[in-house]
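*Asks:* Could you have a look at this structure, given as structure tokens, before my questions?
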Amino acid sequence: MRPSACWIRQARVTAAGGDQLRAWRAEVIGRYPHPGRGFTQGLIAGTGSPRQVAIWESTGLYGQSALCRYRLGHLRPQRRARLDETLFGEGICRDGAHIWQLTWQDRVALRWDARTLELLERVPYDREGWGICAAGGYVVTSDGSSELVRRDPGTLSPWDVFVARLAGSPVPRLNDLAFSSGRIWANVAGTPLLAGIDLDSGEVTDVADARPARERRPGDGQAIMNGIAALPAPGEFLLTGKTYRYIYHVRLVPTRDRAGRRRASWLTGR
């Protein structure tokens with residue numbers, strides 16, 4: 001889908017170094033139960049209205065990792081496939097009739113039938129697996145650093161590597177990924193921020209404050225926001241987190257210049 005021109009022009013602020021950065025805030029427009037309250041590592045959404053859309057979710061932890069499919073708003077999965085106990089499930093993306101699922105430090109990726117969740121193939125994988133998304137004719141993966149890798153969608157063989165940067169500084173901790181309006185959107189691990197990244201240059205062009213969709217868990221350092229799924233409408237996503245109670249339907253709305261500058265500094269630690 002082509003980006004909405006009126007949406008894309010809003011919320012420009014100037015980042016350090018003079019580059020233009022669009023700043024956003026996530027406005028919650030819907031909230032749905034999170035089936036099983038899993039340790040979310042990846043989230044993707046099918047087509048259709050939010051109340052009818054199919055969701056695929058990858059959950060992690062050794063001995064508990066799984067791939068699930070359910071209807072948004074339903075309390076129980078339609079299908080659930082458990083991973084081998086030696087594998088830690090990570091990000092997922094859909095490639096036609098198949099789902100790719102990464103694993104954390106296990107150097108293997110899994111290819112599943114999207115409808116039946118039948119395991120079709122295990123392939124070698126060359127990095128830690130964190131996030132993955134389909135972006136046109138290839139897929140893009142993250143490994144928790146500032147590096148993103150373009151890959152063959154049929155084999156996950158690496159094509160090239162590019163670095164996400166904001167005004168020249170690398171943006172680390174890139175986690176789950178989604179593709180929307182011509183850009184990669186990434187959860188930034190340990191923060192409630194989303195980074196929008198230009199595919200050609202690697203420049204971070206957008207930053208969104210997703211705190212309205214964050215769930216606070218005092219004393220539980222692992223209950224972080226993770227899981228971003230793009231919806232058909234420009235600027236709309238599903239967000240959740242590890243063991244979160246809910247999945248949040250959000251719309252990005254423009255925010256103040258000062259707030260955008262502050263979030264830019266959070267991304268790079270400057």
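Throughout, read-outs are computed from the coordinates displayed, never taken from laboratory work. From a predicted model like this one, the values you see are computed outputs, not experimental measurements. Here Cβ is always computed from backbone atoms with ideal geometry, including for glycine, and neighbour counts include all displayed protein chains.
*Asks:* Could you tell me how many degrees, from 0 to 90 and to the nearest 10, lie between the Cα long axis of helix 257-268 and the main elongation axis, the longest principal axis, of the Cα atoms of the chain?
*Replies:* Compared with the principal axis, the helix lies near 50 degrees.
*Asks:* Follow-up question, since we're still on this one. Report the gain in length on full extension from T47 to D200: 0.36 nm times residue separation, minus Cα-Cα distance, nm rounded to one decimal. Walk me through the intermediate numbers first.
*Replies:* Details: separation 153, 0.36 × 153 = 55.08 nm, distance 2.63 nm.
Here the answer is 52.4 nm.
*Asks:* So what are the radius of gyration and Dmax for the Cα set of the stretch 59-157, in Å?
*Replies:* Final numbers for Rg and Dmax: 13.0, 37 Å.
*Asks:* Would you compute, from DSSP H runs of 4+ residues alone, the mean residue ellipticity of the chain at 222 nm, taking -39500 (n - 2.57) per run and dividing by the full residue count, rounded to the nearest 500? Mind showing how you got there, number by number?
*Replies:* Details: 2 runs with 16 residues, N = 270.
The helix-only estimate for the chain comes to -1500 deg cm²/dmol at 222 nm.
*Asks:* Okay, moving on. Could you pull the Cα extents of the chain along its three principal axes, largest to smallest, in whole Å?
*Replies:* Computed over the chain, the largest-to-smallest principal extents equal 49, 40, 38 Å.
*Asks:* Set the Förster radius R0 to 22 Å, insert the Cβ-Cβ distance between E118 and Q78 as r into 1/(1 + (r/R0)^6), and round the FRET efficiency to 0.05.
*Replies:* Step by step, r from the Cβ atoms, then E = 0.95.
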